[in-house]
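Have a look at the structure below before the remarks.
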Amino acid sequence: MLDVLYFAWVRERIGEPRERVETQAATVAELVDELRAREARYALAFADLSALRVAVDQELTEFDAPLSGVREVAFFPPMTGG
Amino acid sequence: MLDVLYFAWVRERIGEPRERVETQAATVAELVDELRAREARYALAFADLSALRVAVDQELTEFDAPLSGVREVAFFPPMTGG
Amino acid sequence: MGRVRVQREPFDSGSELEGFGAGGDVGAIATFTGIVRGTGGMSRMEIEHYPGMTEAAIAKIVAEAEARWGLEDCLVIHRHGAMAPGERIMMVATASRHRAAAFEAAEYLMDYLKSRAPFWKKEFGPDGAAWVAAKDEDEDALSRW
Amino acid sequence: MGRVRVQREPFDSGSELEGFGAGGDVGAIATFTGIVRGTGGMSRMEIEHYPGMTEAAIAKIVAEAEARWGLEDCLVIHRHGAMAPGERIMMVATASRHRAAAFEAAEYLMDYLKSRAPFWKKEFGPDGAAWVAAKDEDEDALSRW
């Protein structure tokens, strides 16, 4: 079980800020494929991975990052702080 | 007649902050030569022109600057503001 | 050593800097304050963030700046939530012995906060609401460090 | 537009910045504050300046920064006279639309104030008094602009 979090327009497209996901995905990319297959709103949110960033257990990482032992995955657009 | 001003260690070597100088010097460099010839304290203050800066009527300039129409000349070491 | 604050409330730059750098061998303090602009009739901005990750990400950026420039003190404040044009969004302050280090560290902090701290800005204006897009130049700015 | 103050009295950075940049299209404020360091047991610093020329020289530097970076606001305060370690010597502040302009203009002001404004620092320490020598690196810093 993973906590999956969404921020900014990813959150708006998916329609919720977080959810618990039951998955056997070995990497973030595999998790994305599972989510995309669920419903149109996921397919829309994950349509262009180059427009997305991912954090695993609150550390920025890449989409090929492994999920073994991970508790929390977050998806969001490029950050606009400062 | 010119007002000649001295700052920082130039002032200390010459021993006064300003004086009125009667001169026919055409340039700053000629004025420096006249002052050097006066007394040892001037020769000491003006020993190394590369260590000095000059302002004419409160504008930084070079030692070959003309003195025609000038009211005020100031000599000082490189500035250390900020 | 550096202080990091992530908060919804407004802050006052002047009082935040009282005592900043005191006790260190400080000859130079640089600060930067980001302010909401009212461009294009924008009436308000909302900033979303990632609680937990935000503080950790900023603390990491601060630790890197402190180590690289040997800072004597460092402060980052970043707001989230709603704010109006003219309000302060965030500030950084750096204290060091010499001016180059203070300026460079402050610019480094700003460049990394822009692109590596999990904040997202949304602008509300006459044409509705829109998420602020990240600029290529902000990502490019990281390459100088 | 920019404000220039040359004064003997201490100043408070926070209150000087109240209202700074207000009314402009300001998204970024950068500041720099120079502080007397107590290095090598220095007990006090005295700064001599050239009344009349000082204000004009700083105003010229400010006007150049305003024109070059399209600043929305600009402030320079520089003290002269005696000051103790820990006291503020001077500050600059720049307000602009974007952060790069605010930072660059503040650094430009500092580089020019260091080498082109008629101030001379003298340090008083355990071994007596000595005029601070200008550094080659400060003169070299001007070449980047």
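The condition (being over 12 Å from the mean Cα position of the chain (by Cα), farther than 30 Å from C:Ala102 by Cβ and in a loop (DSSP other than H, G, I, E, B)) is satisfied by just one residue among B:Ser50, B:Ser68: B:Ser68.
Right, D:Arg3: surrounded by fewer than 21 Cβ atoms within 10 Å (Cβ to Cβ), more than 14 Å from chain C (Cβ to nearest Cβ), more than 29 Å from B:Arg18 (Cα to Cα) and in contact (Cβ under 8 Å) with a residue 40 or more places away in the chain or not? It is true that D:Arg3 is surrounded by fewer than 21 Cβ atoms within 10 Å (Cβ to Cβ), more than 14 Å from chain C (Cβ to nearest Cβ), more than 29 Å from B:Arg18 (Cα to Cα) and in contact (Cβ under 8 Å) with a residue 40 or more places away in the chain. Looking at this structure, is C:Val92 in a strand (DSSP E or B) and crowded, with 21+ Cβ neighbours inside 10 Å? Here the answer is yes, as C:Val92 does meet what is asked. Taking every residue in the range C:73-85 that is free of Cβ contacts under 8 Å to residues at least 60 places away in the same chain and pairing it with any residue that is surrounded by fewer than 21 Cβ atoms within 10 Å (Cβ to Cβ) and basic (Lys, Arg), at least 6 positions away or on another chain, the pairs with Cβ-Cβ distances below 9 Å are C:Ala82/C:Arg8; C:Ala82/C:Arg44; C:Ala84/C:Arg44; C:Pro85/C:Arg37; C:Pro85/C:Arg44.
Listed here are the residues, each with its yes/no results for (1) surrounded by 15 or more Cβ atoms within 10 Å (Cβ to Cβ); (2) farther than 18 Å from A:Thr80 by Cα; (3) more than 14 Å from chain C (Cβ to nearest Cβ).
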residue	(1), (2), (3)
A:Tyr6	yes, no, no
A:Glu12	yes, no, no
A:Glu30	yes, yes, yes
A:Leu35	yes, yes, yes
A:Arg38	no, yes, yes
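Here D:Lys122 meets the list (1) within 13 Å of chain B (Cβ to nearest Cβ); (2) under 14 Å from the mean Cα position of the chain (by Cα) almost entirely, failing just condition (2). The residue pairs whose first member lies in the range D:11-36 and is more than 8 Å from chain C (Cβ to nearest Cβ) and farther than 16 Å from C:Ser15 by Cα, whose second member is among the acidic types (Asp, Glu) and outside any loop (DSSP other than H, G, I, E, B), and whose beta carbons are closer than 9 Å, counting only pairs six or more residues apart or on different chains, are D:Gly23/D:Asp73; D:Gly24/D:Asp73.
Scanning the range B:58-82 for residues that are without any contact (Cβ under 8 Å) to a residue 60 or more places away in the chain and surrounded by 15 or more Cβ atoms within 10 Å (Cβ to Cβ) yields B:Gln58, B:Leu60, B:Thr61, B:Phe63, B:Ala65, B:Pro78, B:Met79, B:Thr80, B:Gly81, B:Gly82. Just one residue in the set C:Gly38, C:Gly70 is surrounded by fewer than 18 Cβ atoms within 10 Å (Cβ to Cβ) and at pLDDT 95 or above; that residue is C:Gly70.
The values are calculated or read from the model by the stated rules, or taken from the named source; none is laboratory data. All figures in this text were calculated on a predicted structure; none of them were measured in a lab. Because the Cβ atoms are built from the backbone with ideal geometry, glycine has one as well, and the counts that use them run over all protein chains shown.
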